[in-house]
Amino acid sequence: MAVLLDEDMQCMKKDWEYLVSVAPRFMGTAGERDSIHYIVDQIKKADLTPVLQTFSYEGWQMNGPAELFVETPEQLKIETSVLLGSGTTQNAAVQGTLLFIGETIIWNMYEWLRFGIVDGNGELVGYISGRPDGQAISQTLAEGNSDLPHFAIGMKESQLLLNYIKEKKNVTVRGALDTTKTGEKEGNNIRVLYNTKNTAAGKILICAHYDTMFNTPGAYDNASGVAVLLNLAALLKKYNIRKNVELVFMGAEEWNLAGSDAYAQHLVATGKEKIDFVINIDGLGRGNVLEAWVGPEKVERELLHFFNQVYKRDIYVKTPPPPGSDHTPFYNLGIPVCMFTINDQEIIHSSNDILHENTFTNMREFIHILVELLKHMGVISES
Ligand SMILES: [Zn+2]
């Protein structure tokens, strides 16, 4: 078997380390540009042809760390992040009474507590969103952006605020964050096509996003997936390609799926390319639970058959596939999809998402799984 040579694995490790070294790879940053150059270079070195698919989006950036304080009933500094697309308070802080509103839904699936900050005139001047588990992290705003500042806090802190309110205490807070809308920007998906002679057939699309949140090395989310995909690109050359395959390194996933959304829009606009199946790799973490977010049901059964009878490994399935990664725009077009991830939620979108040996061990196993799955699906065969 051609897969899993030691030198291939060393390449995969180098790719992974490089992507982490240039992080954060947030859209519009030098880290994003360095990642694109690196991926393009590696693909060319494998004697393949990268094709850039350019798309535009309204840019946004954070200009510094956010701060949030409780002033009454006791003085506290609260660890805070910012929801992506948040408005700014610039240097002047927002200040006011805390109002419990209810909840906000992140990515159409996570329920976060929602608080407002009401100023002396009774106007709502800012929001605080409380994560239901773990520490303060950034996530994308449901509406993509807002004119008002949006702080994001962890579970412990949001429970504390909620308790004050339940105890009918007068809670006042003060916070500052500095963001800028940076106007129209350009992003890139990097496509690599392997065509068989059969031009009428559809294709299998395998993707992973190379960008990160603004505050993280992104070793797990998602340098792990990109390094696997880069090495798959080289590895596939050792097999007979029996169905059309396209690998896509997606941009701006963290920015409301801007890259995969642009790809899906391109599919609709041209109406020519047929995609039979999308495999999305997003976050191979340190844990041992391999999850597949898959749909429709028929594809779930095929996948279960593979993991129960062929590869024989535990798999945890979520169906229909939750949104929140690059498979979503394709699934919304009626294309069967499967996103693979290995759990590491405690470090997602944080500065703790760093290189770890267990992550690499999982990447090694996963590329093996992927090759076996592609063989099982008749996409590739031993040459
Ligand atoms: Zn991700």
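Checking the conditions here, which among Gly283, Gly225, Gly259 is part of a strand (DSSP E or B) and either away from the ligand (no atom under 16 Å from the Cβ) or of a type in the set (Gly, Ala, Ser) (or both)?
Being part of a strand (DSSP E or B) and either away from the ligand (no atom under 16 Å from the Cβ) or of a type in the set (Gly, Ala, Ser) (or both) holds for just one of Gly283, Gly225, Gly259, which is Gly283.
Restricting attention to region 230-275, which residues are aliphatic (A, V, I, L, M), under 21 Å from the mean Cα position of the chain (by Cα) and on the phi < 0 side of the Ramachandran plot?
Leu230, Leu232, Ala233, Leu247, Val248, Met250, Ala258, Ala262, Ala264
Could you please let me know if Ala292 is in a strand (DSSP E or B) and modelled with pLDDT of 95 or more?
yes
Collect the residues in region 345-383 that are on the phi > 0 side of the Ramachandran plot and within 16 Å of the ligand (Cβ to nearest atom), keeping them in residue-number order.
Across region 345-383, the qualifying residue is only His349.
For (1) over 19 Å from Phe100 (Cα atoms); (2) without any contact (Cβ under 8 Å) to a residue 40 or more places away in the chain; (3) loosely packed, with under 14 Cβ neighbours inside 10 Å, each residue gets a yes or a no:
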site	(1), (2), (3)
Ile153	no, no, no
Lys168	no, yes, yes
Val173	no, no, no
Ile190	yes, no, no
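Quickly run through region 178-206 and pick out the residues that are of a type outside the set (D, E, K, R) and either more than 20 Å from Arg242 (Cβ to Cβ) or within 11 Å of the ligand (Cβ to nearest atom) (or both).
Residues satisfying the conditions are Thr179, Thr180, Thr182, Gly183, Gly187, Asn188, Asn189, Ile190.
Mind listing whichever residues of region 299-330 are within 16 Å of the ligand (Cβ to nearest atom) and not in a loop (DSSP other than H, G, I, E, B)?
Scanning region 299-330 gives Lys318, Thr328, Pro329, Phe330.
Look through region 71-127, keep the residues that are assigned to a loop (DSSP other than H, G, I, E, B) and of a type in the set (A, V, I, L, M), and return whichever of them is nearest to Pro321 (Cα to Cα).
Met109
The values are calculated or read from the model by the stated rules, or taken from the named source; none is laboratory data. Note that the structure is a prediction, hence the values are computed from the model and not measured. Please note: Cβ atoms are built from the backbone with ideal geometry, for glycine as well, and neighbour counts cover all protein chains shown.
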